[in-house]
Amino acid sequence: MCNLSLGIEERAEARGEAIGEARGKLIGEKKSSEKIIMNMYNNKFTLEKISLATQKSIHEIKEIIKQKNSAVV
């Protein structure tokens, strides 16, 4: 393999790793946020309080609760 091909391959690999890390971080943040929302909901916090604490809309919170509750059944 020539040096040019090797450099291109290394850059592509580094880019792929960066994309994978960014996706993983977003997934982790989403799961963490969902866990916090469900914990607050299960501890009888109002949707308004959950919204203030998580900076999510009430609509988003309702969708997460609906999704998580249907996954348990």
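Every number in this text was worked out from the coordinates using simple rules, so none of it is lab data. Computed from a predicted model, the values in this text were never measured in an experiment.
Things to note:
- Dividing the summed helix terms, -39500 (n - 2.57) for each DSSP H run of n ≥ 4, by the number of residues in the chain produces a 222 nm estimate of -30000 deg cm²/dmol to the nearest 500.
- Helix 3-42 axis, angle to the chain major axis (alpha carbon atoms, nearest 10°): 10 degrees
- Counted residue by residue at 0.36 nm each, then reduced by the alpha carbon distance between them, the extension gain from residue 59 to residue 35 reaches 7.0 nm.
- Shape parameters for the chain, alpha-carbon atoms, Rg then Dmax in Å: 19.8, 63
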